[in-house]
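Written out below as structure tokens is the structure these notes cover.
The values are calculated or read from the model by the stated rules, or taken from the named source; none is laboratory data. Keep in mind that this is a model prediction, so the values were computed, not measured. As a convention, Cβ positions derive from the backbone with ideal geometry for all residues, glycine included, and neighbour counts pool all protein chains shown. The area values use the complete protein model at the heavy-atom level, side chains included, leaving out ligands, DNA and RNA. Shrake-Rupley method; radii C 1.70, N 1.55, O 1.52, S 1.80 Å.
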Amino acid sequence: LTIMGDAGMEPNISPPDSAAQQDSLFSMTDVILISLITGLFTYWFFFRKKKEEVPDLPKMPPVAAPVRDSSFIEKMKKTGRNIVVFYGSQTGTAEEFANRLSKDAHRYGLRGMAADPEEYDLSDLSRLSEIDKSLAVFCMATYGEGDPTDNAQDFYDWLQEADTDLSGLRFAVFGLGNKTYEHFNAMGKYVDKRLEELGAQRIFELGLGDDDGNLEEDFITWREQFWPAVCEHFGVEATGEESSIRQYELVVHTDVNMNKVYTGEMGRLKSYENQKPPFDAKNPFLARVTENRKLNEGGERHLMHLELDISNSKIRYESGDHVAVYPANDSSLVNQIGEILGTDLDMIMSLNNLDEESNKKHPFPCPTSYRTALTYYLDITNPPRTNVLYELAQYATDAGEQERLRKMASSAAEGKALYLSWVVEARRNILAILQDMPSLRPPIDHLCELLPRLQARYYSIASSSKVHPNAIHICAVTVEYETKTGRLNKGVATNWLKNKVPNENGSNSLVPMYVRKSQFRLPFKPSTPVIMIGPGTGIAPFVGFIQERAWLKQQGKEVGETVLYYGCRHEREDYLYREELARFRQEGVLTQLNVAFSRDQAEKVYVQHLLKKNKENVWKLLNEGNAHIYVCGDARNMARDVQNTFYDIVAEFGNMSQTQAVDYVKKLMTKGRYSLDVWS
């Protein structure tokens, strides 16, 4: 401050004094300059060395780069591992399979580790040959329309750009996919093909698991042939050890600060009390439910429209994106498990990884209570996989029950058939298995270690952020069915959402959520025509699309034809968003509204029948208008039937053979003009 003040002040010197000072200053400057130049010249001429002699110093060995935390090679060397199993997992199944394969390794005198590719530098694959008897296995799930899972995106990008020589790498790939989807197991196939292109050696054939069939059986069948191939390649033999190996140890907390205990948070402790953006899978936002209304007027099902308030969250979304919600298990199921196992569910405990070098310290956030773990963190409603049955068998005191469990967990044809009928087709969850096997009473901590994580559920967003910037709308149908054993099974998320009461204080109106970006997008030009096909709750993203086209029209933009093909069972029962669609049609935003009521007449009518009926108009929009096609809903039947209908329309009006018509539609997909948002 003083300097600034001084610099801004006028010097208080009289004119004559100032002139005199200037004269003396110039003469003094001259003297100093002449002296300085003379001194420098003298030094340069007399004292400098003609050439600086640089002594030859011994060359220092290059300093090794510091070991990165992201080097899985260094970690494997440090912990004596020689097999690494990477997983690309969206719902936890691929991660589960990777853990099972890494645990298998000890039976063959090898040591394995499961690894998330997101946490490591995969360019280190070229160095894996530094480790004796080394092998990289990849359990890769395919998400959406042939996409990598979120945690495998960086690995996928690296593979596409890599020109690394992987000739020393030995590998095997097991893919997880679903045959009802267009790009079945695209990620597994790509990783397998690309690693070979980069020079890596495949030691066992690509496995292709199909979740539309029996994914568990596909994995077991592949695995039982994979390990003999590994043994043959490395010249090792099975040790015969089939013993159960615990991965985590139980620690019971008798005197614990409750502020340090997890109560359902997905990542950071107390993150639900102290919310901080950005919000994602590990840090979901607690959105308040502001509306929860039943959409259908009759019938046995419950179809609902929910609105989540995302004000002040900084969450942004586009029409076509997905909202992920973290549900909670039904408290009555949790209580029944506690009662059967005779456990105090409110006991505070931790399950700590026995492998201290593992990045995964706990199977779920710890410390926590058994009640919290079974409510928010563990999947207790899906039929357990065979590895869970195998590990639990040791706790059955009845010899017959123990044998039955071991048989279902075996790779024998009889065992696979029994598992399929008794567990999968009967939809027996862990509670049903405990009820039907009275002698099976495992320690609850081991059960919690074995059960898979409860996953987020994804819904197509039924709103446009242009119209609803502070809200996300969901359209869903509650899942409820009777099993072959006479039990009533309920969908976890939909029944939990159904009970969310708007504007109620407390957690009963809060939904932990985040947004997952999608490729399901309206055309860049609003003037491009769109054909939307979405029966049932498949209408969800199109409600958002139509809202957005209406908004664009209000902004004075030229909006192309907006055509909807919608279907439901009965006009008077489950015609979703009837009033909204009628209003959009009246306003001219929706240029065509074609609705198929499948059960209102003797012969069933579906959306593909209406497409055939309007085939000339469909072809005109497609061929002349460069229309974009969008299909949302059931992948197994509807999406396939609709696609076949487009093949027929293209073949008929484009004068093409069936093969040419198929190629035409596939090219539309490649160009982003035929988009799918489907589920099975």
**Message:** Given the options GLU145, GLU241, name the one that is at pLDDT below 95 and in contact with a strand residue (DSSP E or B) (Cβ under 8 Å, 6 or more places away or on another chain).
**Reply:** GLU145
**Asked** charged (D, E, K, R), open to solvent by 30 Å² or more (accessible area, probe 1.4 Å) and either in a helix (DSSP H, G or I) or not assigned by the TED database to the domain that holds VAL642 (or both), is that true of LYS604?
**Response** no
**Item:** Out of TYR565, TYR575, sole residue that is closer than 16 Å to VAL530 by Cα and either without any contact (Cβ under 8 Å) to a residue 12 or more places away in the chain or open to solvent by less than 80 Å² (accessible area, probe 1.4 Å) (or both)
**Value:** TYR565
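Yes/no per residue for (1) buried (at least 21 other Cβ atoms within 10 Å of the Cβ); (2) among the acidic types (Asp, Glu); (3) under 30 Å from GLY92 (Cβ atoms):
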position	(1), (2), (3)
ALA287	yes, no, yes
THR290	no, no, no
LYS294	no, no, no
GLU297	no, yes, no
GLU300	no, yes, no
LEU308	yes, no, yes
SER311	no, no, no
ALA328	no, no, yes
**Request:** Sort out which residues of segment 159-179 are open to solvent by 10 Å² or more (accessible area, probe 1.4 Å) and assigned to a helix (DSSP H, G or I), and write them in order of number.
**Result:** GLN160, GLU161
**Message:** Here are the criteria: (1) in a strand (DSSP E or B); (2) free of Cβ contacts under 8 Å to residues at least 40 places away in the same chain. Tell me which single one ASP677 does not satisfy.
**Reply:** (2)
**Message:** Name the single residue that is nearest to GLU145 (Cα to Cα) among those in segment 313-326 being of a type in the set (A, V, I, L, M) and crowded, with 21+ Cβ neighbours inside 10 Å.
**Reply:** VAL323
**Message:** So, MET656, is that one outside any helix (DSSP H, G or I), hydrophobic (A, V, I, L, M, F, W, C) and in contact with a helix residue (DSSP H, G or I) (Cβ under 8 Å, 6 or more places away or on another chain) or not?
**Reply:** yes
**Message:** For a quick check of your reading of the model, give me the residue pairs whose first member lies in segment 350-379 and is of a type in the set (Lys, Arg), whose second is open to solvent by less than 40 Å² (accessible area, probe 1.4 Å), with beta-carbon atoms closer than 7 Å and at least 6 apart or on different chains.
**Reply:** LYS360/ASN353; LYS361/ASN353; ARG371/VAL334; ARG371/LEU345
**Test: THR254 is surrounded by 15 or more Cβ atoms within 10 Å (Cβ to Cβ) and either assigned by the TED database to the domain that holds THR164 or more than 30 Å from GLY109 (Cα to Cα) (or both)** = no
**Complete:** Note on LYS620: of the conditions (1) within 30 Å of the chain's Cα centre (by Cα); (2) open to solvent by 40 Å² or more (accessible area, probe 1.4 Å); (3) basic (Lys, Arg), unmet is (1)
**Fill in**
Within segment 497-540, the residues that are farther than 19 Å from ASN296 by Cβ and in a helix (DSSP H, G or I) are SER507, ASN508, SER509
**Request:** Quickly run through segment 427-443 and pick out the residues that are under 18 Å from ASP330 (Cα atoms) and of a type in the set (A, V, I, L, M).
**Result:** ILE430, LEU431, ALA432, ILE433, LEU434
**Complete:** Residue hits (segment 73-103; in a strand (DSSP E or B) and aliphatic (A, V, I, L, M)) are ILE83, VAL84, VAL85
**Message:** Quick check on segment 231-238. Is at least one of its residues open to solvent by less than 10 Å² (accessible area, probe 1.4 Å), on the phi < 0 side of the Ramachandran plot and in contact (Cβ under 8 Å) with a residue 24 or more places away in the chain?
**Reply:** no
**Prompt:** Can you pull out the residues in segment 127-158 that are closer than 29 Å to LYS666 by Cα and in a loop (DSSP other than H, G, I, E, B)?
**Reply:** GLY144, GLU145, GLY146, THR149
**Request:** Report, by residue number, each residue of segment 218-270 that is in a loop (DSSP other than H, G, I, E, B) and under 25 Å from the mean Cα position of the chain (by Cα).
**Result:** GLN247, TYR262, THR263, GLY264, GLU265, MET266, GLY267, ARG268, LEU269, LYS270
**Fill in**
Picking from GLU182, GLU145, GLU119, the residue that is charged (D, E, K, R), out of contact with any helix residue (DSSP H, G or I) (no Cβ under 6 Å at 6 or more places or on another chain), open to solvent by 20 Å² or more (accessible area, probe 1.4 Å) and more than 30 Å from CYS632 (Cβ to Cβ) would be GLU119
**Request:** Answer with yes or no whether ALA651 is assigned to a helix (DSSP H, G or I), among the small types (Gly, Ala, Ser) and in contact (Cβ under 8 Å) with a residue 40 or more places away in the chain.
**Result:** no
**Message:** Taking the criterion of being of a type in the set (Gly, Ala, Ser), free of Cβ contacts under 8 Å to residues at least 12 places away in the same chain and either open to solvent by 50 Å² or more (accessible area, probe 1.4 Å) or under 28 Å from LYS525 (Cα atoms) (or both), would at least one residue in segment 626-635 satisfy it?
**Reply:** no
**Request:** Considering every residue within segment 205-217, establish whether at least one is assigned to a strand (DSSP E or B), without any contact (Cβ under 8 Å) to a residue 60 or more places away in the chain and within 17 Å of ILE83 (Cα to Cα).
**Result:** no
**Prompt:** From the list ILE310, ILE340, which one is of a type in the set (A, V, I, L, M) and more than 22 Å from ASP379 (Cβ to Cβ)?
**Reply:** ILE310
**Request:** Sort out which residues of segment 262-278 are open to solvent by less than 40 Å² (accessible area, probe 1.4 Å) and at positive phi, and write them in order of number.
**Result:** GLY264
**Item:** The lone exception for GLY486 - which of (1) assigned to a loop (DSSP other than H, G, I, E, B); (2) at negative phi; (3) not aromatic (Phe, Trp, Tyr) it fails
**Value:** (2)
